[in-house]
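The block underneath contains the structure these notes are about, expressed in structure tokens.
The values are calculated or read from the model by the stated rules, or taken from the named source; none is laboratory data. None of these values were measured; they are calculated from a predicted model. Ideal geometry is used to build each Cβ from the backbone, glycine not excepted, and the neighbour counts take in all protein chains shown.
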Amino acid sequence: MALIALGFVSARIGLISPAGRKCVTDLVIDLIYPCYVLNSYIKNIGLFTGGDMLRILGLATVYAAAILGVSRLVFPKVEPGRQAVLRYGTAIANSAFLGLPLVENLFGSQGLLYASIYTIPLRINTFGIAVNYFIPKGEGSVWSRLKSTLTQPSIVATLLGVVIILAGWRPPELCVSVLSTVGACSTPLSMMVIGAVIYDNLKEMRLRKLTVEYTVMRLVLIPAVVFVVFRLLKVERLLLGTAVLMAAMPAGTTGALFADKYGKDVSYAGELVLISTLSAIATLPIWCYLCMFA
């Protein structure tokens, strides 16, 4: 929240203009976040075992497909610009920026390892399939959309990261150092962009019933379903905890970034991120307790 506040103040005093904000948005989406993604896989080279990786990846793929399917059905009567934000926010949670550190704090290095595998299909949703919510229907052929998805920098970074892990090849140290340094900028810059979005659209923001409904779904209902299903499947506690916490994260900051990039309802996207993130302060400790002890 401090970084969001810093972005808010920076926009207030004129350090971040609306045009400058859009430039930073493009920089984060097309350069900084791909570096972060690729570096996250390089750090885990040699730690994956084939059977465990395939099992976790399989469960994560089922979840990613299911939540994407749900997101296509919710909020059918909302106007298109806001609907895109809500549906993307349903499919995409803040699993990378908030989820990975939380899982590591609770379950240690093995938890981080599980979470790194689990987020592979989620990243494909984040920067690939779910981005189509922001692109007008009928714009471009199926092939052009598929090509756009597969060539999106973070998707390329994800696929390259998987190949590097499977091959066990570590890039030169200079390359790793650059990726790590650039990738470390992803969280502060994206949060500051959210703060600038909130300032630029402050007059349009308020606590709407629609936002409350979304927040309850995102922070309570979705992780509750994951918790029950994984318990019924008798999944071990570490994987259950990882899956539930990934599902219990607030709206992903990339939703506001993509809304800004594609000209959708960016003020509402900022509102969703702000309200769901503040609400997660109350819900996440409960989910952490259930994952550890229930």
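Side notes on the structure shown:
- Options Leu240, Leu272; residue that is closer than 14 Å to Thr215 by Cβ, touching a Phe, Trp or Tyr at 6+ places or on another chain (Cβ under 8 Å) and among the aliphatic types (A, V, I, L, M): Leu272
- The listed residues are Ile129, Ile165, Ile124, Ile135, and the only one of them that is within 19 Å of Asp26 (Cβ to Cβ) and either at pLDDT 80 or above or among the β-branched types (Val, Ile, Thr) (or both) turns out to be Ile135.
- Test result for Gly14, part of a helix (DSSP H, G or I) and loosely packed, with under 14 Cβ neighbours inside 10 Å: no
- Filter result for the condition that a residue is crowded, with 22+ Cβ neighbours inside 10 Å, under 28 Å from Ala280 (Cβ atoms) and either at pLDDT below 85 or under 17 Å from the mean Cα position of the chain (by Cα) (or both), over Thr25, Thr61: Thr25
- Of all residues in region 260-294, those satisfying the criterion of being of a type in the set (D, E, K, R), closer than 18 Å to Val24 by Cβ and part of a helix (DSSP H, G or I) are Asp260, Lys261.
- Looking across region 247-265, the residues that are buried (at least 24 other Cβ atoms within 10 Å of the Cβ) and over 11 Å from Ala84 (Cβ atoms) come down to Ala247, Ala248, Met249, Pro250, Ala251, Gly252, Thr253, Thr254, Ala256, Leu257, Asp260.
- Unique residue being under 22 Å from Ile120 (Cα atoms), modelled with pLDDT under 90 and either within 22 Å of the chain's Cα centre (by Cα) or in a helix (DSSP H, G or I) (or both) when the list is Leu189, Leu239, Leu219, Leu257: Leu257
- Given (1) at pLDDT 85 or above; (2) of a type in the set (D, E, K, R); (3) not in a loop (DSSP other than H, G, I, E, B), index of the condition Lys234 fails: (3)
- If you go through region 64-101 and keep only what is of a type in the set (Gly, Ala, Ser) and either in contact with a Leu (Cβ under 7 Å, 6 or more places away or on another chain) or surrounded by 22 or more Cβ atoms within 10 Å (Cβ to Cβ) (or both), you end up with Ala64, Ala84, Gly89, Ala91, Ala93, Ser95, Ala96, Gly99.
- A single member of Ser180, Ser154 is assigned to a helix (DSSP H, G or I), hydroxyl-bearing (Ser, Thr, Tyr), closer than 19 Å to Ser116 by Cβ and over 17 Å from the mean Cα position of the chain (by Cα), and it is Ser180.
- Filter result for Phe97 (among the aromatic types (Phe, Trp, Tyr) and in contact with a Ser or Thr (Cβ under 6 Å, 6 or more places away or on another chain)): yes
- Picking from residues in region 194-216 that are modelled with pLDDT of 85 or more and aliphatic (A, V, I, L, M), the one that is surrounded by the most Cβ atoms within 10 Å (Cβ to Cβ) is Ala196.
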